[in-house]
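I have placed the structure first, in the form of structure tokens, so that the comments after it can refer back to it.
Only the coordinates and a few stated rules stand behind these numbers; no lab work does. As the structure is a prediction and not an experimental result, all values here were calculated from the model. Here the Cβ positions follow ideal geometry from the backbone for every residue, glycine too, while neighbour counts run over all protein chains shown.
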Amino acid sequence: MEFRFHHGRTEIKATVFVYLFDKYGEHYEDAEREEWGARLNFLGVKATSGNPDISSIFHAFVEMIAILNKSTSSDDPNRCLLVVCG
């Protein structure tokens, strides 16, 4: 998978992220995809879809599951910030 560590955070390419949680993913036969999807389940992602446009910009649509802990404190170890970038 395409992960990297940058300035104290883990980053993943938007195209890979969308593939992991693709709303039609049950049609893929990819054990690694399923394994990473299970590992990243804590993010609360319900489904994704991605669409490139004519100017080569990739649009990632992420549907999240509601997470009860809505802490915004940077000191909270349960806080999670999800940013998807192309």
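Compute the Kirkwood hydrodynamic radius of region 3-64, taking the inverse of the mean of 1/r over all pairs of distinct Cα atoms, and give it in Å to one decimal. After inverting the mean inverse Cα-Cα distance, the result is 12.5 Å.
Peptide packing for 47-56, 33-42, 12-21 was compared via the average number of neighbouring C-beta atoms within 10 Å per residue; ordered from the highest value, the list is 12-21, 33-42, 47-56.
By the beta-carbon count within 10 Å of each Cβ, the least crowded to most crowded order of Asp30, Asp22, fewest first, is Asp30, Asp22.
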